[in-house]
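A.B. asks: Before I ask anything, here is the structure I am working with.
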Amino acid sequence: MQEYKGRSVERRLEEMAETTRMTVAQAIVKFLDNQYVSMDGVETKFVEGFFTIFGHGIAVGLGEALDTNPGQLRVMQGRNEQGMCHVATAFAKQNNRKTIIPCASSVGPGAANMVTACATATVNNIPLLVFPADTFASRQPDPVLQQLEQSNSLATTTNDAFKPVCKYWDRITRPEQLMTALISAMRVLTDPTDTGACCIALPQDVEGESYDYPDYFFKKRVHRITRPVAVEEELDDLAEIISGAKKPLVIVGGGVKYSEAGETVEKFCEEFHIPFGESQAGKSACKSSHPYCLGGIGVTGTLASNMIAKDADVVIAIGSRLSDFTTSSKHLFQNADVKFVTINNNRYHAYKMDAVKAVGDAKATVEALAEKLRAKGYVSGYNGEIEAAKAAWDKEWDRLAGIEYTGDDFEPIIKARDPRTVPEFVKLTNGKITQTAALAAINKTIDKDATIITAGGSLPSCMQRMWRTDKRGGYHAEYGYSCMGYEVAATLGVKFAEPDNEVYCVVGDSSFQMLHSEIMTIMQERKKVNILIFDNCGFGCINNLEMNHGIGSIATEFRYTDGKKPTGDLIPVDYAKIGEGYGLKTYTCKTIAELVAALEDAKKQEVACLFDLKVIPKTMTDGYESWWNVGIATTSEKESVRKACEGVMEGRRESRAY
């Protein structure tokens, strides 16, 4: 009798013939409940549960499956489809992409609400699996409720909008298609090189159709997250370039964090005397207190990082997408002979900046590169520059932390402003908090093992410069897509990932207004999180951008309209009352002393807390030796715009072309 892996051919055929009849939705739940990942020998259950907002498109299909037999999967109720996807994204991000929460929505508007969140996940290379309901595959009830109709193709639905923002997209028009679709989605979701959002659209009728699925489809699967090392030739290329460098600089990107390579990079920098700057995604992969840490780099970077970057002769980008904010729109590195080398597990990113590349896992490749440099006896040529740059930044940090409101003569950091704004805000709110002092106070007061979240507006700029933490993963920034509205939802996702630690988000008032729906989900799940709202009556970051480029203050401050433009008085908002309405413990803080007292009291609370900080406009940090390329008007009646345009053109001439 023939055998196949210890089993007779007959038995193997019998197993292949064993099936279970179930609906498509039931098969989805059962399959996902049996997916695992393994990294460095540690096995982790990959799927935590399901986030849903039930509408007619999924309530009686996927809803039945989750109600009848969810297995080990949790079922959670979102309030806004984008919001619940942000929760899932933050959860996966904080778990270093080793655990996910799939999200399901109804057809039409519910599905469309997830598109922004999918783009956010894909840009940040975070695994997010979504199941938007779709129109009927049979087309019998067309147009079904909430169906988007296109006369040029009846096959086009709202869910086609997911195609450009997802790394994998599929639509299940027959029950048997589900098997290859789910396996393909797992391939992408568990691939560190190319992970992102995956969309599997579920036509409403197919969702409930039954099929005899083979039992082997539901067996436990373990997806291995491996550490491929760059090939020898690429390692030799990098070692040759770096060994000739006198003033090299490492950029720590998000890939260092997801590879869990922070300690490895620190040791690399120590051994070869190389300083490092951090991207938003890479910040907290390494310890802020490390003697070679210069802090954030680029447009929102520190004085220390950007000073060293200007003279660097070799830039070593590890796990970075090298975005415009990291490179200051390719203007930051002013050494005429500067060379770029990259270590990245994604070939696309590795090729950026015309770099000499080593394609591989960050941790394994840095270790292999260290052996090459060690054999060459390499050490950089720095002679006090690192220490001097760090000392200069420490002095500036202390200055920023100590900025106080001094009364009518107070002069904020940002000079370009409507002269009405600061005195009007102080009179209206009695708020006397400066943004830089607030962040310093928060940094000093909260627990060292806490995690803090930031995403849109001026706060990520200040945070990348000023926030200091030695907790690996303690700084959680979504700045790839800089999606305003991410912050509040992300507190829940991070809290799911770290239930025993305090979780905080700093969120501007404009970002809070855009999306805070998951406050109700936070209360429903009984999770203690801390939401710090920086109320400065507007989109402060973009107001700065406008006015620093010669444009007036238009539609970026929260002012009453005059019928044509919002140029009237500032509009006060009591954010504490919003929190009270949901049952949160709330604090209104108008001074640094009140803020510190509130933070200390909140540590004693068991319910979620919301802080309404009245923060004086224009008290955020400004640029440090950095430049940002923006699409400015090249023709204008305003002399101020024409002058600003000249500055932009000069910056473009001084920048690398690609």
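The values are calculated or read from the model by the stated rules, or taken from the named source; none is laboratory data. For clarity, every value in this text was computed on a predicted model and none was experimentally measured. In this analysis, Cβ positions are derived from the backbone assuming ideal geometry, glycine residues included, and neighbour counts consider all displayed protein chains. For the accessible areas, the whole protein counts, side chains as well, though only heavy atoms, and no ligand, DNA or RNA atoms are used. Shrake-Rupley method; radii C 1.70, N 1.55, O 1.52, S 1.80 Å.
A.B. asks: For residues in the stretch 82-137 being part of a helix (DSSP H, G or I) and open to solvent by 20 Å² or more (accessible area, probe 1.4 Å), which is farthest from residue 362 (Cα to Cα)?
C.D. replies: Step one: filter the stretch 82-137 for residues part of a helix (DSSP H, G or I), giving 82-94, 109-112, 115-123.
Cutting the leftovers down to open to solvent by 20 Å² or more (accessible area, probe 1.4 Å) gives us 82, 94, 109, 112, 115-116, 122-123.
Values: 82: 31, 94: 18, 109: 40, 112: 35, 115: 30, 116: 29, 122: 20, 123: 19 Å.
Selected residue: 109.
A.B. asks: What's the number of the only condition in (1) over 23 Å from residue 434 (Cα atoms); (2) in contact (Cβ under 8 Å) with a residue 24 or more places away in the chain that residue 595 fails to meet?
C.D. replies: Status for residue 595: all satisfied but (1).
A.B. asks: Tally the residues that are β-branched (Val, Ile, Thr) and either under 29 Å from the mean Cα position of the chain (by Cα) or open to solvent by less than 70 Å² (accessible area, probe 1.4 Å) (or both), restricting the search to the stretch 370-400.
C.D. replies: Let us first name the residues in the stretch 370-400 that are β-branched (Val, Ile, Thr), namely 379, 386.
After this cut, where a residue has to be either under 29 Å from the mean Cα position of the chain (by Cα) or open to solvent by less than 70 Å² (accessible area, probe 1.4 Å) (or both) as well, the list is 386.
Matching residues across the stretch 370-400 total 1.
A.B. asks: For the stretch 301-354: of the residues being of a type in the set (Lys, Arg) and surrounded by fewer than 19 Cβ atoms within 10 Å (Cβ to Cβ), which is nearest to residue 285 (Cα to Cα)?
C.D. replies: Step one: list which residues in the stretch 301-354 are of a type in the set (Lys, Arg), which gives 310, 321, 330, 339, 347, 352.
Those still in the list that are surrounded by fewer than 19 Cβ atoms within 10 Å (Cβ to Cβ) too: 310, 347.
On the way: 310: 23, 347: 22 Å.
Of everything passing the filter in the stretch 301-354, 347 is nearest to residue 285 (Cα to Cα).
A.B. asks: Residue 363: in a helix (DSSP H, G or I), touching a residue at least 60 places away in the same chain (Cβ under 8 Å) and surrounded by 14 or more Cβ atoms within 10 Å (Cβ to Cβ), yes or no? Don't jump to the end; show me each part of the working.
C.D. replies: Working: in a helix (DSSP H, G or I): yes; touching a residue at least 60 places away in the same chain (Cβ under 8 Å): yes; surrounded by 14 or more Cβ atoms within 10 Å (Cβ to Cβ): yes.
It is true that residue 363 is in a helix (DSSP H, G or I), touching a residue at least 60 places away in the same chain (Cβ under 8 Å) and surrounded by 14 or more Cβ atoms within 10 Å (Cβ to Cβ).
A.B. asks: Also, I was wondering about something else. Collect the residues in the stretch 31-56 that are open to solvent by 70 Å² or more (accessible area, probe 1.4 Å) and part of a strand (DSSP E or B), keeping them in residue-number order.
C.D. replies: Once the filter is applied, which keeps residues that are open to solvent by 70 Å² or more (accessible area, probe 1.4 Å) and part of a strand (DSSP E or B), the stretch 31-56 yields 42, 43.
A.B. asks: If we keep just the residues of the stretch 450-472 that are surrounded by fewer than 24 Cβ atoms within 10 Å (Cβ to Cβ) and of a type in the set (D, E, K, R), which is nearest to residue 506 (Cα to Cα)?
C.D. replies: 468
A.B. asks: Can you pull out the residues in the stretch 403-443 that are in a helix (DSSP H, G or I), within 19 Å of residue 532 (Cβ to Cβ) and over 29 Å from the mean Cα position of the chain (by Cα)?
C.D. replies: We begin by selecting, within the stretch 403-443, every residue in a helix (DSSP H, G or I); these are 421-429, 435-443.
When the remaining residues are screened for being within 19 Å of residue 532 (Cβ to Cβ), the result is 425, 429, 435-443.
Matches in the stretch 403-443: 425, 429.
A.B. asks: Does the stretch 638-646 contain at least one residue that is assigned to a loop (DSSP other than H, G, I, E, B) and either within 30 Å of residue 499 (Cα to Cα) or at pLDDT below 95 (or both)? Steps first, please.
C.D. replies: First pass over the stretch 638-646, keeping only residues assigned to a loop (DSSP other than H, G, I, E, B): 638.
Checking which are either within 30 Å of residue 499 (Cα to Cα) or at pLDDT below 95 (or both) leaves us with none.
Looking for residues that are assigned to a loop (DSSP other than H, G, I, E, B) and either within 30 Å of residue 499 (Cα to Cα) or at pLDDT below 95 (or both), one finds none in the stretch 638-646, hence no.
A.B. asks: Can you name every residue in the stretch 277-296 that is part of a loop (DSSP other than H, G, I, E, B) and either modelled with pLDDT under 95 or within 13 Å of residue 479 (Cα to Cα) (or both)? First the steps, then the outcome.
C.D. replies: Of the stretch 277-296, the ones part of a loop (DSSP other than H, G, I, E, B) are 279-292.
If the condition is that a residue be part of a loop (DSSP other than H, G, I, E, B) and either modelled with pLDDT under 95 or within 13 Å of residue 479 (Cα to Cα) (or both), then 279, 280, 281, 282, 283 are the ones that fit.
A.B. asks: Can you tell me which residue in the stretch 483-530 is nearest to residue 79 (Cα to Cα), limited to those that are of a type in the set (Ser, Thr, Tyr) and buried (at least 20 other Cβ atoms within 10 Å of the Cβ)?
C.D. replies: Here is the first cut: in the stretch 483-530, the ones of a type in the set (Ser, Thr, Tyr) are 486, 491, 504, 510-511, 517, 521.
Then keep just the ones that are buried (at least 20 other Cβ atoms within 10 Å of the Cβ); that gives 486, 491, 504, 510-511, 521.
Values: 486: 14, 491: 15, 504: 20, 510: 19, 511: 17, 521: 7 Å.
Ranking the candidates gives 521 first.
A.B. asks: Here is a list: 180, 173. Which entry is part of a helix (DSSP H, G or I), under 25 Å from residue 139 (Cα atoms), open to solvent by 10 Å² or more (accessible area, probe 1.4 Å) and not charged (D, E, K, R)? Can you show your working first?
C.D. replies: Working: 173 fails: part of a helix (DSSP H, G or I).
Criteria check complete, one pass: 180.
A.B. asks: Just one of (1) charged (D, E, K, R); (2) surrounded by 24 or more Cβ atoms within 10 Å (Cβ to Cβ); (3) farther than 20 Å from residue 338 by Cα trips up residue 278, so point out which.
C.D. replies: The failed condition is (3).
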